[in-house]
Amino acid sequence: MKCTFEGSNARVIAKAIQSLSKVGKELYVEVDQNGLLLRAINATHSAVGSIRFKRSMFETFNLPRTGNADFYCKISMKPCLAAFRSMKQVEHCELSITDNQTKFQVKLRCKLETVRQSVIAILDEQNITAGVLPDHSANVIRGEYKLFMEISNSFNAAEEELTLEAKSDSLAAKNYIEGARVSDRFMRSQLKLKPNEFTSYNVTQDTVITFCLKEFRAFLLFAESLSADMTLEFDEPGSPFFLKIKKHDDIECLLIMSTLSPDDVSFSEDYCQRELTVQDAASPVNVSKKRKGSAPTEQIEHKRRLADDTTLSTTSTDLALFQYNGLRTTPTNISEPSSVQPARLLPEGDTVDVDDDEEALILAAAVAVESSQTMPTANELLSYNSQEAPPMTVLAVQEDGSDEDCVPQSPEHRDNVRAIFSRCFQKTYVPREPSPSSQMYAPNSDTED
Amino acid sequence: MYHSKKLHEKGIIRNRKMLTQSQYGDYKFVGHLDHIKTFHACIKSLCFGENGTVTFSEEGLRITVEQGKSIQATLFMDPKFFAEYHVKDLTSFGLKLNVFAECLSLFGVMDCSVKMLYKGDGAPLIVLLEPHNDDDVSTECAIKTLHVDEPIEYELDENSASLNVIFMRGPDLFNIFNELDKAAEELEFTLSPQRPHFKIATVGVVQAESTVEVAKSSDMILLFNCRDTTVARYKSQQLRLMNKALQAATKVAIKTDASGLLEMHFMMQSGDAEEIYVQFFLTPLLDI
């Protein structure tokens, strides 16, 4: 096998290898009638990325002389990355298989009559094929890479999964929080997009899917280097998710990723259930307060930062990031608070049965603990509310009227103090949680509680 | 000495011994440099070894550094490079190069002029730094000098039938070195009158080998004079010690012969035409 191509195409292939290197530690090379195919599979076999370069990209393209026309092999990614590391000076590239099909050779002819040559050992004559093929998925979304870049950049680099909630009239992207993850530190972000942001938007079936961000980002990088459009195709949760990039019929990329199954303990499931109850509860004022209360250790500054984020992304394009503000102004999105009450997601069995007296004592202790942490007082919260979301109640009324289809039930009544420390008053609250080693030595003498 | 006299009048120098009445009467060596930048870069490129041997003679200034008997670097400065250069007789002493480099960088990136003074055996090397754009500040450092052994003399036989010499442009060679696989433990240099004229191969990387070849007609090669094919391997870790010198070099000469001893000359040019040379000797790894 031998194929040659010029410098600019070599740089594209180098980018492709860089993207694939983020998916897997080995590179599968396949050569057939149609061109060159590079593939990588991740360690857990949950994602396969393949990038095809058509014959038109190559100056010469010789198939192996052996009987079977197709040639494939597996090589280690690391030396391959090293070979394609600095491509600035490259004018011409030649890929070939040498030494009786045991070596993969990359020959780069650079400026100033320099030739760089790397010989990489072939690990195995192995190939991978994905068991699924993208046929006609129920949902097809196509958009510019910039848009997906924006979505990806809106989330913390440490986030591992992304949840897409596709409806026929909107798409919401949010970070995925595992059902049982109980931490005061986590942040919930959500980005809501209208169909007209996309080049084409065809969602026939409302779907909530969750997939890995790492591979998604790797391919996004490649799409950026090609400045090409991206197409997402997916069905119900649990079935594969396809990401396609196509450029001038020369380059075709396909990333197949498994999505989180609805059977797993997943946020999407909890989320759906909660949506009903909370949407029933939908007085936005209440919701926002509940939200504050549910993350008591979050400080105002933190919230300010969030608010800043929001304004940033809203100004950059017409994307709307639904954080605190968005929540209050769009009641269709009321489901939000459910996600920030991790304690409620704990299974019932985990709670400790305590009689009323004891419960009150522990609660008092918990309240003390919570209030000793730096947290906004009720006043601060109120002023904050009034700054950030001026005509909440009015808006809510309007929206309620327009959104008759899912008229929520009336909310449980909660007074202010309770709303602030709402986590302490939840039925599923685990009193042990704030200080698991705490022990009560004397009964509570405070009569107010 | 005019300069230190001024400092003394200002009360900055208290020690009267530092003043010279006649023009450098007591000093075995006085050197004055108008611009410190290139000199500083050269000194930094020598800092891989702890102690350097400094030698002053009529031919100029030499600083030699060794590390473990297998790599040696020598800096040469012609008297022409100095604005003033006075030397009494051949003197040599040891110096902690890290300390010297640190003294030279006291003013950071500010351009300074530097004056070096040495009184003789046992006396410290006195370094006076004066920034060009600030008349109010100057520093004086006294660096302890040491006794050191004479460095090993390496030499390539100029008349050897296998002497190969290549002159290259510094930045281009730097790029080539930079693109070599960092994981390689050893590098193999091939110089040959036939193709490949100049080749570097990485050795010791799992599952991969890579080579870089430069044709002798390449624009980056300024002079190509190879008599015979020579192949030798060197530790990449030691070659990397040359990186700082290579980074600052405008031209590089690569010399080797059948013995495998590698001699590299780095020419550092400052604004004017004068040059500082840093010469490296690197012994090859034995073929087993």
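The values are calculated or read from the model by the stated rules, or taken from the named source; none is laboratory data. Remember, predicted model here, so these are calculated numbers, not experimental data. Here the Cβ is made from the backbone with ideal geometry for all residues, glycine too, and neighbour counts use every protein chain on show.
Brief remarks follow.
- Members of region B:196-231 found to be facing another protein chain (nearest Cβ under 7 Å), under 18 Å from B:ALA253 (Cα atoms) and among the charged types (D, E, K, R), listed by number: B:GLU213, B:ASP219
- A:VAL106 meets all of the listed conditions (1) of a type outside the set (S, T, N, Q); (2) crowded, with 19+ Cβ neighbours inside 10 Å; (3) within 14 Å of chain B (Cβ to nearest Cβ); (4) assigned to a loop (DSSP other than H, G, I, E, B) but one, namely (4).
- Listed by position, the strands (runs of 3 or more DSSP E) inside region A:187-246 whose residues that are in the same structural domain as A:LEU147 (by the TED database), farther than 26 Å from A:VAL23 by Cβ and touching a Phe, Trp or Tyr at 6+ places or on another chain (Cβ under 7 Å) number at least 1 are A:190-193.
- Residue tally, condition out of contact with any strand residue (DSSP E or B) (no Cβ under 9 Å at 6 or more places or on another chain) and exposed (fewer than 13 other Cβ atoms within 10 Å of the Cβ), over region B:105-142: 6
- Only listed residue being touching a helix residue (DSSP H, G or I) at 6+ places or on another chain (Cβ under 9 Å), without any contact (Cβ under 8 Å) to a residue 24 or more places away in the chain and not assigned by the TED database to the domain that holds B:LEU33, chosen from B:MET268, B:MET242, B:MET220, B:MET264: B:MET264
- Residue that is nearest to A:GLY7 (Cα to Cα), among those in region A:116-164 that are hydroxyl-bearing (Ser, Thr, Tyr) and away from chain B (no Cβ under 14 Å): A:TYR145
- Residue within region A:85-98 that is small (Gly, Ala, Ser), without any contact (Cβ under 8 Å) to a residue 24 or more places away in the chain and either within 14 Å of chain B (Cβ to nearest Cβ) or under 25 Å from B:SER217 (Cα atoms) (or both) present: yes
- Search result, residues across region B:142-182 that are within 14 Å of chain A (Cβ to nearest Cβ) and of a type in the set (S, T, N, Q): B:ASN175, B:ASN178
- The set of residues from region B:237-255 being assigned to a helix (DSSP H, G or I) and in contact with a Lys or Arg (Cβ under 8 Å, 6 or more places away or on another chain) comprises just one member, B:LYS244.
- Annotation: A:VAL23 fulfils all but one of (1) within 19 Å of A:GLU125 (Cβ to Cβ); (2) more than 14 Å from chain B (Cβ to nearest Cβ); (3) not basic (Lys, Arg); the unmet one is (1).
- Residue that is of a type in the set (S, T, N, Q), over 23 Å from A:ILE41 (Cβ atoms) and at pLDDT below 80, where the choices are A:ASN100, A:ASN127, A:ASN139: A:ASN100
- Single unsatisfied condition, A:CYS73 versus (1) more than 14 Å from chain B (Cβ to nearest Cβ); (2) under 21 Å from A:ASP124 (Cα atoms); (3) in a strand (DSSP E or B): (1)
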